[in-house]
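What follows is a set of notes on a single structure, which appears directly below.
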Amino acid sequence: MTSNAPSVRWWQLAVFLGPALLVYAAFSALPLADTLRLSFYTADDAGVRAFAGLANFRTILLDPEWSAGFWNAMANNAEFFAVHMLVQNPIGLLLAALLSTKGLRGARSYRTLIFLPTLLSVAIIGFVWQLILSPLWGVGEKLLTFVGLQEHFAPWLGQEETALVTLALVSVWQYVGIPMMLIYAALLAVPEEIVEAAHVEGAGAWRIFWSVKLPLIYPTLGLVTILTFVGNFNAFDLIYSVKGALAGPNYSTDLLGTYFYRTFFGYQAQIGSPHMGAAVATLMFLVILAGVGLYFVAVQRRLRRYAL
């Protein structure tokens with residue numbers, strides 16, 4: 001039995017895949033490999049480079065002068081990610097469910113308005129929210145006064161206990177449109193025949209969503225989880241634009257991204273070290289790789305993909 005499928009020649013693969021592979025190698029694979037290589041070296045005051053093995057990693061993880069900052073940034077990153085998982089993604093799911101409701105007036109306008117902050121510069125977002133939450137000239141206290149909650153206002157960005165959560169909620173406000181649109185697209189892809197069959201069986205709107213639609217979009221929810229994890233453990237720009245490289249007050253908003261920035265480039269009294277910075281970047285890569293690998297082993301393999 002002969003196949004009528006056309007054969008693919010090697011030069012066709014080279015023409016179509018070559019440019020993408022070159023771009024990926026130049027801007028992703030080679031810089032990553034060079035960063036890994038740089039993390040195994042050290043340099044003296046004269047700039048003479050020498051192989052150090054795992055010494056840089058031992059210094060960051062075990063030396064009290066370095067490890068305190070690293071583990072503080074790691075804990076803050078975990079908290080930053082937890083806020084997004086517990087606030088951003090459930091709100092995105094709720095908004096997607098509401099906007100996918102048939103007959104909702106102004107659904108397109110709502111989607112646009114909710115997604116619009118995602119398109120704005122993080123520097124603009126940080127500056128605007130600094131003005132809003134400022135205890136001196138911000139409008140946050142006035143807005144709370146209008147609803148009778150003025151006694152709850154506080155300089156949230158200036159307190160160690162609340163600064164990180166406040167910035168995380170600002171990030172949630174900016175990026176909630178991404179999980180909303182991904183989940184919204186998945187809900188629209190649910191076959192109408194399945195929903196109509198559930199209606200015939202007497203299921204209500206809540207039961208249909210919980211028992212029919214939600215299981216069908218589990219793969220999309222998993223994708224949203226992975227994107228949230230990777231994005232949060234690479235976070236840097238919002239913290240830097242609002243709190244600077246020191247991530248104050250007292251490093252309470254310090255994330256792995258800002259810790260890497262100070263280590264690599266140096267800041268104020270701290271002298272930058274490309275080799276130690278490369279080691280921090282490598283540890284960040286390993287954390288993200290471990291998180292993604294754990295997800296695919298423990299979660300993704302258990303997700304049942306329903307045949308639609």
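Observations on the structure shown:
- Residues of the stretch 16-25 include at least one that is open to solvent by 90 Å² or more (accessible area, probe 1.4 Å), more than 28 Å from the chain's Cα centre (by Cα) and of a type in the set (A, V, I, L, M).
- Restricting the stretch 93-114 to residues that are surrounded by fewer than 17 Cβ atoms within 10 Å (Cβ to Cβ) and among the hydrophobic types (A, V, I, L, M, F, W, C), the residue that is nearest to VAL224 (Cα to Cα): LEU94
- Flag for PRO249 being surrounded by fewer than 16 Cβ atoms within 10 Å (Cβ to Cβ) and either more than 18 Å from ALA68 (Cα to Cα) or not charged (D, E, K, R) (or both): yes
- Residues in the stretch 199-213 that are open to solvent by less than 100 Å² (accessible area, probe 1.4 Å) and closer than 22 Å to LEU95 by Cβ: GLY204, ALA205, ILE208, PHE209, SER211, VAL212, LYS213.
- Residue within the stretch 235-258 that is in contact (Cβ under 8 Å) with a residue 12 or more places away in the chain, of a type in the set (D, E, K, R), farther than 23 Å from TYR110 by Cα and not in a helix (DSSP H, G or I) present: yes
- Only a single item in (1) more than 16 Å from THR282 (Cβ to Cβ); (2) assigned to a loop (DSSP other than H, G, I, E, B) is not met by GLY53, and it is number (1).
- For GLY148, the conditions (1) at negative phi; (2) assigned to a loop (DSSP other than H, G, I, E, B) all hold with the exception of (1).
- Within the option set GLU65, GLU79, being of a type in the set (Asp, Glu), touching a helix residue (DSSP H, G or I) at 6+ places or on another chain (Cβ under 8 Å), assigned to a helix (DSSP H, G or I) and open to solvent by 70 Å² or more (accessible area, probe 1.4 Å) holds for one residue only, GLU79.
- Residue match in the stretch 151-168 (condition: in contact with a Lys or Arg (Cβ under 8 Å, 6 or more places away or on another chain) and open to solvent by 40 Å² or more (accessible area, probe 1.4 Å)): no
- Filter result for THR220 (touching a Leu at 6+ places or on another chain (Cβ under 9 Å), open to solvent by less than 10 Å² (accessible area, probe 1.4 Å) and among the polar types (S, T, N, Q)): no
- Residue check for LEU187: open to solvent by less than 70 Å² (accessible area, probe 1.4 Å), out of contact with any strand residue (DSSP E or B) (no Cβ under 8 Å at 6 or more places or on another chain) and not in a loop (DSSP other than H, G, I, E, B): yes
The values are calculated or read from the model by the stated rules, or taken from the named source; none is laboratory data. Please read these numbers as outputs of a predicted model, since none were measured by experiment. Cβ coordinates were reconstructed from backbone atoms using ideal geometry, including for glycine residues, and neighbour counts include every protein chain displayed. Protein only, heavy atoms only, side chains kept; ligands, DNA and RNA dropped before computing areas. Shrake-Rupley method; radii C 1.70, N 1.55, O 1.52, S 1.80 Å.
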